[in-house]
Amino acid sequence: MCPEQIIELMHEYLDDEITPEQEQVLREHLLSCKECESLFNELKKTVAFVKSISTMQAPDNFTANVLSRLPKEKRRIWMQRWMKNHPLLAAASLFFILMMGSLFSTWNQDKDFSVSKQKNLVVRNNTVIVPKGETVKGDVIVRNGNLDIEGEVQGDVTVINGEKYLASAGHVTGQIDEVNEVFDWIWYHIKKTSQDVVQIFGDQPETK
Amino acid sequence: MDAIVKKRIKQVIKGDQDAFGEIVEIYKNSIYQLCFRMLGNRHEAEDMAQEAFIRAYVNIKSFNQDLKFSTWLFRIATNLCIDRMRKKKPDYYLDAEVAGAEGLTMYSQIPSNTPLPESELESLQLQEAVQKEILKLPDKYRTAIVLKYMEELSLNEISEILDLPLGTVKTRIHRGREALRQQLRYV
Ligand SMILES: [Zn+2]
């Protein structure tokens, strides 16, 4: 019976991992042992057979087929272009997708009275007053309260969840918005978001 | 070529599908061959090879760019093929050892220095016979043999692809070789 070690040496030889000393041991044994010599030849023949199998080519259109199965990255690129061209719609979509979930809780939580900070605004029992003869500079935003305009506002006026009174002497140079219903609230955010989006895309020169 | 592949990968991460197409072109033959030798069916091989590339694309951000891309890609393809093979086969075959692969005592009495066949027909028949015998190997030996002799990868690369110690890879190749020897010695 030949030592098991000789067969190990054959495999080391076939793996190109045999040391010169080991190779010497193997060669000497093979010279004196027909059985091992024949086994060794069979192993070498096996390796030659396996290697002789010709290299395969992938089928035609393989790459095109892979690319057609990829997730639609191009749709994302298309989306980006579309968003640049339709910022308002894009903002509306974005807003609905991203905000709808948290919106109603925001709407419910947002019950605290607040008002934009301008020096000459007077606040009395959740009613903000633009006093007669005074000029308020900048946009006035009132949340969960009323606005009584007797003087002049140089800017936009937004009243969220409240009412606005515009006295005959009162004057607003910009737009007046009243947001009372949930959908008004949504629309207000859409317009706000779209203005932001317009600014973002407006700042970036189109590449390529 | 590694430099080109690295550059293409960076482009793919940015969403450039054309760059990915170039990567597919580079590796499609080896990945297809790997799948075919493992599965033995052209249709399935194409399907699995495509799947391997798609998974590579989808997971490209998790690829560590300091490593060799081909190793990662081969690992994806190998795992897919092994999964597929397991689903196809009856369970008893899964852990079956190659008969006689442990003992290595069945010495042949047949003279074995026959030259390799030369005519094309013989060569085709031989290829079919070899492929058939490779497909008979249990998956762990088959995988090692295919990576070593069809893809001509080093033992170290195979050990990385299969995530196995070098010693285990060697043992699998030895046993695979011995099993094939027994099957192919009369060819
Ligand atoms: Zn011997």
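The numbers here are math on the coordinates, done by the rules we state, and not lab data. In this text the structure is predicted, and so the values were computed from the model without any measurement. FYI the Cβ positions are ideal-geometry reconstructions off the backbone, even for glycines, and counts take in every protein chain you see.
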task = Under a cut-off of 17 Å between alpha-carbon atoms, report the lysines in cross-link reach of A:Lys164, not counting same-chain residues fewer than 8 places apart.
result = A:Lys132
query = Structure shown: which of B:Lys87/B:Lys140; B:Lys14/B:Lys68; A:Lys45/B:Lys68; A:Lys137/A:Lys192 lie over 22 Å apart, alpha-carbon to alpha-carbon?
reply = A:Lys45/B:Lys68
Fraction in percent of alpha-carbon pairs per bin - 10 Å, segment A:108-157 = 27, 57, 14, 2
task = Using label points projected 7 Å from each Cα along Cα→Cβ, tell me how many nm separate B:Ser123 and B:Ala3, to one decimal.
result = 3.7 nm
task = Rounded to whole Hz and in sequence order, give me ³J(HN,Hα) for segment B:174-186 from the Karplus expression 6.51 cos²θ - 1.76 cosθ + 1.60, θ = phi - 60°, writing x for Gly and Pro.
result = 4, 5, x, 4, 5, 4, 5, 4, 5, 6, 9, 5, 8
Neighbour-count order for B:Asp139, B:Asp47, fewest beta carbons within 10 angstrom listed first = B:Asp47, B:Asp139
